[in-house]
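Engineer: One structure is given below, represented as structure tokens, and several questions about it will come after.
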Amino acid sequence: ADREIEVRGRGYAGILGEPVLEQGDEWLATGDLGEIDSDGFLWITGRKKNLLITAFGRNVSPEWPESLLMSSGVLAQAVVVGDGEAQLGAVLVPRSAHIAVGQLAWAVAAANEQLPDYARIGHWHVCHETFSSANGLATPNGRIKRAAIAERFKTALQTNN
């Protein structure tokens, strides 16, 4: 009902340290969000815990606009934030120092063309430092810390476009 993928069956043994599932009759929530297309294929669209809810109550998986931004080829990293905000924002790390601001603006515009109005990037900020565990913006294994990034760039996202 909330787009979270649930699985069951004998092909799944369970989670290490958790009780063993009986006969595969129980549904297990994966934490992934998805949808089934008209051909019956499952598409994973994001993670439930990463879900942003805008000020207008629209649910957006940030991985969706992030993947469109990253497909531009000019970015090394892109993080979309905006939980509780009227517009989504993005913190963009260019692939190199030679990427012009105009190229970044093009990447945002190209991504926005493919998104519905509630999932478009309204404000964005350029960061010339990659998100890493050293600067506290990623975990030691490289997963971004979305809350830390949102907090660090909150003022910049409110003033820049």
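Engineer: Restricting to region 108-161, name every residue that is β-branched (Val, Ile, Thr) and either touching a Gly at 6+ places or on another chain (Cβ under 6 Å) or in contact (Cβ under 8 Å) with a residue 60 or more places away in the chain (or both).
Structural biologist: Of everything in region 108-161, those that are β-branched (Val, Ile, Thr) and either touching a Gly at 6+ places or on another chain (Cβ under 6 Å) or in contact (Cβ under 8 Å) with a residue 60 or more places away in the chain (or both) turn out to be Ile144, Ile149.
Engineer: Same structure, new question: Is it the case that some residue within region 82-89 is among the charged types (D, E, K, R) and within 17 Å of the chain's Cα centre (by Cα)?
Structural biologist: Within region 82-89, one or more residues are among the charged types (D, E, K, R) and within 17 Å of the chain's Cα centre (by Cα).
Engineer: OK, next. Would you be able to tell me the number of residues in region 41-65 that are in contact with a Gly (Cβ under 9 Å, 6 or more places away or on another chain), within 27 Å of Trp106 (Cβ to Cβ) and touching a residue at least 12 places away in the same chain (Cβ under 8 Å)?
Structural biologist: Final tally of qualifying residues: 9.
Engineer: Filter region 109-134 down to the residues that are more than 18 Å from the chain's Cα centre (by Cα) and either assigned to a strand (DSSP E or B) or under 11 Å from Pro65 (Cα atoms) (or both) and list them by number.
Structural biologist: Across region 109-134, there are no qualifying residues.
Engineer: Another question about this same structure. Tell me the strands (runs of 3 or more DSSP E) entirely within region 1-108 that contain at least 3 residues that are open to solvent by less than 20 Å² (accessible area, probe 1.4 Å) and modelled with pLDDT of 85 or more.
Structural biologist: 75-81, 88-94
Engineer: Give the residues of region 118-133 that are at pLDDT 95 or above and open to solvent by 80 Å² or more (accessible area, probe 1.4 Å), sorted by residue number.
Structural biologist: Arg120
The values are calculated or read from the model by the stated rules, or taken from the named source; none is laboratory data. Small disclaimer: the values here were computed from a predicted structure and weren't measured. Every residue, glycine among them, receives a Cβ derived from its backbone with ideal geometry; neighbour counts consider all protein chains shown. Calculation scope for accessible area: heavy atoms of the full protein, side chains included, ligands and nucleic acids excluded. Shrake-Rupley method; radii C 1.70, N 1.55, O 1.52, S 1.80 Å.
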